[in-house]
Amino acid sequence: MEKKRVLITGAAGFLGSHLCDRFINEGYRVVAMDNLITGDLKNIEHLFPNKDFVFYNQDVSHYIYVPGKLDYILHFASPASPIDYLKIPIQTLKVGSLGTHNCLGLAKEKGARILVASTSEIYGDPLVHPQTEDYWGNVNPIGPRGVYDEAKRFQEAITMAYHNYHKLETRIVRIFNTYGPRMRLNDGRALPAFIGQVLRGEDLTVYGDGSQTRSFCYVDDQIEGIYRLLLSNYAYPVNIGNPDEITIKEFAEEILKLADSNQKITYKPLPTDDPKQRQPDITKAKEILNWTPRISRADGVKLTYNFFKSLPHEYLFK
Ligand code: UDP
């Protein structure tokens, strides 16, 4: 039987590269696309010798051309950390809006099913806790995070419009904080920041008083949820994340303990519109996808810490 062919945008990024691995392992042909603004070829270079893998250096915010059939498209191209979207706000808006439009157009042309990567950021600083998919969110459109949050909200709207109007097969995953090997240490996110700091012998920087909460999901669990959602027949948004919630201060302390370090925590100002709490309600994912996260934070953080510890020391200073 002919192998199924999947396009993954943002393929050289953190989640994109793990998706490439998963689809290659499942026996698909993978077309990987990235413009390498925040992605890194190092994340996928091990796949280059594979005859079922091809890489296109293209910006999805411009017209995209992919010859041949496509069965599935996974749209994962986007800057995804607050530091990135503050640095490149216009590209962030474009890839979530124009980039999504281009991917939807390609899916329609190819008769492919498309899954778009949405985010817990569409809930903003949530007034409902934990966040269920039917909560509409509390987003500041003109704040620094607005470029990401509103692009992702538009992405959901246009995806549903293609589903309803063009009868396209669409899937929307709302991804909550996810971590693991291949994150960029300097992307400003809490976990890679803390791991980089602990390995460099620096103080850990906690923003605000550290009482804000997040719920962290290990990458393998996240990829499993996305894979199941793609193959399901459910067109509405589904939260994928780990509901195990923790304050950021406790999280920093856990990493100091794991590294057996007596480095200190220093407190920095809380960034504008930093959500105070976040926890996914994953009832839907459990019911529809029979999915639940399997990897505890203790195990996942250890795996991630050991990954970064094993890299050449210079890497910690990039
Ligand atoms: N954070 C922190 N120190 C850092 C980086 C992040 O205290 O060096 C905080 C950040 O303000 C936020 C939480 O950790 O409250 C999670 O941040 P991240 O960027 O990982 O995710 P997001 O805010 O997008 O959920």
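The values are calculated or read from the model by the stated rules, or taken from the named source; none is laboratory data. Worth saying up front: this structure is predicted, and the values here are computed from it rather than measured. Reconstructed Cβ throughout: ideal geometry from the backbone, glycine too, with neighbour counts over all protein chains shown. Surface areas here come from the heavy atoms of the whole protein model, side chains and all, with no ligands, DNA or RNA. Shrake-Rupley method; radii C 1.70, N 1.55, O 1.52, S 1.80 Å.
What the table below lists for this structure:
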| item | result |
| --- | --- |
| Enumeration of residues in the stretch 110-126 that are out of contact with any strand residue (DSSP E or B) (no Cβ under 7 Å at 6 or more places or on another chain) and either surrounded by 20 or more Cβ atoms within 10 Å (Cβ to Cβ) or at pLDDT below 95 (or both) | 121 |
| Evaluation of residue 52 against (1) surrounded by 17 or more Cβ atoms within 10 Å (Cβ to Cβ); (2) over 30 Å from residue 278 (Cα atoms) (one fails), failing number | (1) |
| Unique residue being more than 20 Å from the chain's Cα centre (by Cα) and open to solvent by less than 30 Å² (accessible area, probe 1.4 Å) when the list is 107, 77, 151 | 107 |
| Subset of the stretch 67-103 (residues that are in contact with a Phe, Trp or Tyr (Cβ under 7 Å, 6 or more places away or on another chain) and farther than 19 Å from residue 271 by Cβ) | 96, 97, 102 |
| Residues satisfying the stated conditions in the stretch 14-37, i.e. at negative phi, open to solvent by less than 40 Å² (accessible area, probe 1.4 Å) and outside any helix (DSSP H, G or I) | 28, 30, 31, 32, 33, 34 |
| Check on residue 186, open to solvent by 40 Å² or more (accessible area, probe 1.4 Å), within 16 Å of the ligand (Cβ to nearest atom) and touching a helix residue (DSSP H, G or I) at 6+ places or on another chain (Cβ under 8 Å) | yes |
| Where a residue in the stretch 22-46 is under 16 Å from residue 71 (Cα atoms) and its partner, wherever it lies, is in a loop (DSSP other than H, G, I, E, B) and among the acidic types (Asp, Glu), with Cβ under 6 Å and at least six apart | 29/52 |
| For residue 85: the one exception among (1) open to solvent by less than 10 Å² (accessible area, probe 1.4 Å); (2) touching a His at 6+ places or on another chain (Cβ under 9 Å); (3) not hydrophobic (A, V, I, L, M, F, W, C) | (2) |
| Failed item, numbered, when residue 307 is tested on (1) away from the ligand (no atom under 15 Å from the Cβ); (2) open to solvent by less than 60 Å² (accessible area, probe 1.4 Å); (3) under 21 Å from residue 18 (Cβ atoms) | (2) |
| So residue 16, is it in contact with a strand residue (DSSP E or B) (Cβ under 6 Å, 6 or more places away or on another chain) and either within 28 Å of residue 192 (Cβ to Cβ) or modelled with pLDDT of 95 or more (or both) | yes |
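Yes/no matrix, rows are residues, columns are (1) modelled with pLDDT under 95; (2) out of contact with any Asp or Glu (no Cβ under 7 Å at 6 or more places or on another chain):
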| site | (1), (2) |
| --- | --- |
| 58 | no, yes |
| 69 | no, yes |
| 82 | yes, yes |
| 86 | yes, yes |
| 96 | no, yes |
| 138 | no, no |
| 149 | no, no |
